[in-house]
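Read through the structure below, which is laid out as structure tokens, and then see the notes.
The values are calculated or read from the model by the stated rules, or taken from the named source; none is laboratory data. All values derive from a computational prediction rather than experimental measurement. Counting neighbours? That spans all protein chains shown, and the Cβs are built from the backbone with ideal geometry, glycine included. Surface areas here come from the heavy atoms of the whole protein model, side chains and all, with no ligands, DNA or RNA. Shrake-Rupley method; radii C 1.70, N 1.55, O 1.52, S 1.80 Å.
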Amino acid sequence: QVRFVESGGGLVQLGGSLRLSCAASGFAFAINTMAWYRQAPGKQREWVATITSGTGTNYLDSVKGRFTISRDNTKNTVYLQMNSLKPEDTAVYYCIADRYNFPAYWGQGTQVTVSS
């Protein structure tokens with residue numbers, strides 16, 4: 001069974017940092033491109049960052065230089081290091097494998113709240 005379990009969110013002050021984790025299971029993690037998305041209240045879910053199986057990365061312009069996506073294939077886990085957080089980063093953060101980017105596979109996400 002394909003699953004994505006996000007953790008590591010919380011309440012942080014402006015300029016603070018958080019490290020999100022996503023434990024994936026039920027598929028061949030190492031050969032799949034993984035991504036982080038986020039959804040702020042009243043807004044559509046938006047893509048944040050991607051890491052390929054070859055560890056190539058890509059980022060939403062507004063998070064470039066502040067967020068870093070990484071992966072540990074020995075633990076089937078993808079991470080999102082978030083630094084210099086801003087109130088506009090407040091959202092529920094989700095991870096997904098590109099090939100499983102369908103509603104049935106999305107997890108519960110982890111809430112990130114940045115206070116000013």
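Between beta-carbons, use under 12 Å as the cut-off and find the net charge around Thr33, counting Lys and Arg +1, Asp and Glu -1. Write out the running numbers ahead of the final one.
Details: positive: Arg71, Arg99; negative: Asp98.
My count for the surroundings of Thr33 gives +1.
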Amide hydrogen neighbours beyond the local backbone of Gly16, cut-off 5 Å, H modeled: Leu85
Heavy-atom surface of the chain, accessible at 1.4 Å and reported per residue (Å²): 52 Å²
Cα shape, region 33-116, gyration tensor, a/c 1.5 rule: oblate
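Over region 45-107, what is the relative contact order in whole percent, taking alpha-carbon pairs under 8 Å and six or more residues apart?
Details: 51 pairs, mean separation 12.0, N = 63.
Computed value for region 45-107: 19 percent relative contact order.
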Gly109 long-range amide H proximity, modeled H, under 5 Å: Glu6
Carbon and sulfur %, accessible surface of the chain computed with the full protein complex present, 1.4 Å: 47 percent
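Normalising by the residue count of region 23-64, find the relative contact order in percent from Cα pairs under 8 Å and 6+ residues apart. Walk me through the intermediate numbers first.
Values: 46 pairs, mean separation 12.6, N = 42.
Once normalised by length, the contact order is 30 percent.
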Note, ³J(HN,Hα) from phi for region 11-25, Karplus 6.51, -1.76, 1.60, rounded to Hz, x at Gly and Pro: 9, 9, 7, 3, x, x, 10, 9, 10, 8, 10, 9, 8, 10, 8
